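In what follows, a structure is listed as structure tokens, so that the remarks can point back to it.
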Amino acid sequence: MAKTFADFKYLTFDVVGTLIDFEGGIKDCLAGIAAETGVTVDGEEALTLYREARYSDDADLFPDDLVRVYLAIAPRLGLPVQAAYGQRLRDSAKSWKGFADSKEAMARLSKKYRLIAMTNARRWAFEHFSKELGNPFHAAFTADDTGTEKPDPAFFEKVFDFVSSEGNAKEDILHVAQSQYHDIGISRRLGMTNCWIERRHAQKGYGGTIEPAEFTKPDFHYHSMAGLADAVEEVAA
């Protein structure tokens, strides 16, 4: 039998791309560097190059890896190949904005559920993201905490253990994310109920997120966090 929103005690969240607009942050930073150096950069092209560079075998943890990524993509974008600009891209994560609906939606959802962050970002970056979102989380798991990154099942197991320590189970969780590759596919394989926030519904391609080998049909599907929060409140009414 399909679950309803009333069946869950926890909502777990991918953060970067679902709640925080990392694509906008990366494009804005690169556009700023381009303007200063007399170059024009196509944002979607930059995201495609970013995606190719980000998911290489020598990748570091995110967003520290943006220094390496910048040096890899700068020549192809006509930007100066200087580490200082890569460090600027990395540090731009401190000021990335949440999507327009994220903070309010999280505040609404926190009235009903315990919210848990599950991010491949390092803890230092997550602290900035959480503040931008109004610090809505009951608990948070970062790449530093888990020692791995999604879609590694071990990341999810850390969260399952935490929920178990509070006397609950995997079945009490609804996993919410925009990435088919990092979250929706693996959450399905692990037996979780999931909700796909299709942030790029009005755009072609996967932007800065790696394309999955196959598409996973989610249990719930919305184009925004506001859509999810509205649906939860409608059921509760």
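Structure values in brief
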| item | result |
| --- | --- |
| Where Rh is the Kirkwood radius over Cα pairs, Rg/Rh for the stretch 11-122 | 1.03 |
| Residue-averaged [θ]222 nm for the chain, counting only DSSP H segments that reach four residues, each worth -39500 (n - 2.57) | -12500 deg cm²/dmol |
| Anisotropy class of the stretch 108-200 from Cα gyration tensor, a/c 1.5 cut | rounded |
| Approximate shape of the stretch 1-74 as ellipsoid semi-axes (Cα gyration tensor, √5λ), whole Å, largest first | 33, 15, 10 |
| Distance between modelled label sites at HIS221 and ASP28, nm, 7 Å Cα→Cβ extension | 3.1 |
| Residues of the chain: accessible area per residue with a 1.4 Å probe, Å² | 45 |
| Added length on full extension, which subtracts the Cα-Cα distance from 0.36 nm per residue, ARG200 to SER164 | 9.6 nm |
| Label corresponding to Rg and Dmax of the Cα atoms in Å when calculated from the structure given, among (i) 17.8, 59; (ii) 19.0, 67; (iii) 24.8, 80 | (i) |
| Accessible surface of the stretch 1-87 [probe 1.4 Å, protein heavy atoms]: carbon and sulfur percent | 50 |
| GLU171 versus THR4: modelled label distance in nm, points set 7 Å from Cα along the beta carbon direction | 1.7 |
| Value of relative contact order over the chain, rounded to a whole percent, pairs C-alpha under 8 Å and six or more apart | 25 |
| GNM top mover of THR146, THR40, THR18 - the chain, alpha-carbon springs below 10 Å | THR40 |
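The values are calculated or read from the model by the stated rules, or taken from the named source; none is laboratory data. As the structure is a computational prediction, the values presented were derived from the model and not from experiment. Note that we place each Cβ from the backbone using ideal geometry, even for glycine, and neighbour counts take in every protein chain shown. What goes into the accessible areas is simple: the full protein's heavy atoms, side chains included, and nothing from ligands, DNA or RNA. Shrake-Rupley method; radii C 1.70, N 1.55, O 1.52, S 1.80 Å.
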